[in-house]
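Below is one structure, written out as structure tokens; comments come after it.
Bear in mind that the values in this text are calculations on the coordinates, not laboratory data. As the structure is a computational prediction, the values presented were derived from the model and not from experiment. Glycine gets a Cβ as well: all are built from the backbone with ideal geometry, and neighbour counts include every protein chain shown.
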Amino acid sequence: MAELSKEVEEYDDFLMLDIVEEYSKLPYKTLAFFKAAYALYDSEFYVKADDDIYLRPDRLSLLLAKERTHSQTYLGCMKKGPVFTDPKLKW
């Protein structure tokens, strides 16, 4: 973490969030990211990508340029199957 803190201090290229980093808290991490991004940056779009996806910025820009009927649109891959809302169950 000390090395990462030096990187952030020098280049300001990471957004550090005050969250518990564990797999069971992934939804909270995502929510914390979007809240922080919205509070810090006035942008038309906010994009979150994980390390296990292949992002095509050229295609993303074309997709974002299309007109949408609703200003708050989710683009991405959703979990298949039933949605679990019980916090005790693994999602």
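Annotations
- Subset of LYS29/LYS66; LYS48/LYS88; LYS25/LYS48 violating a 22 Å alpha-carbon distance limit: LYS29/LYS66; LYS48/LYS88
- 222 nm mean residue ellipticity, helices alone, for the chain (DSSP H n ≥ 4; -39,500 (n - 2.57); rounded to 500): -11500 deg cm²/dmol
- For the chain, the membrane-span-like helices by this rule, meaning whole DSSP H stretches whose C-alpha atoms cover at least 20 Å of axis and whose Kyte-Doolittle mean is 0.0 or above, are 26-40; this says nothing about an actual membrane.
- Approximating the spin labels as points 7 Å out from Cα along Cα→Cβ, the THR69-to-SER43 distance works out to 2.7 nm.
- Sorting 59-71, 31-43 by average packing, meaning the other beta carbons within 10 Å per residue, from highest down gives 31-43, 59-71.
- Shape analysis of the chain yields a ratio of the Cα radius of gyration to the Kirkwood radius, Rg/Rh, of 0.99.
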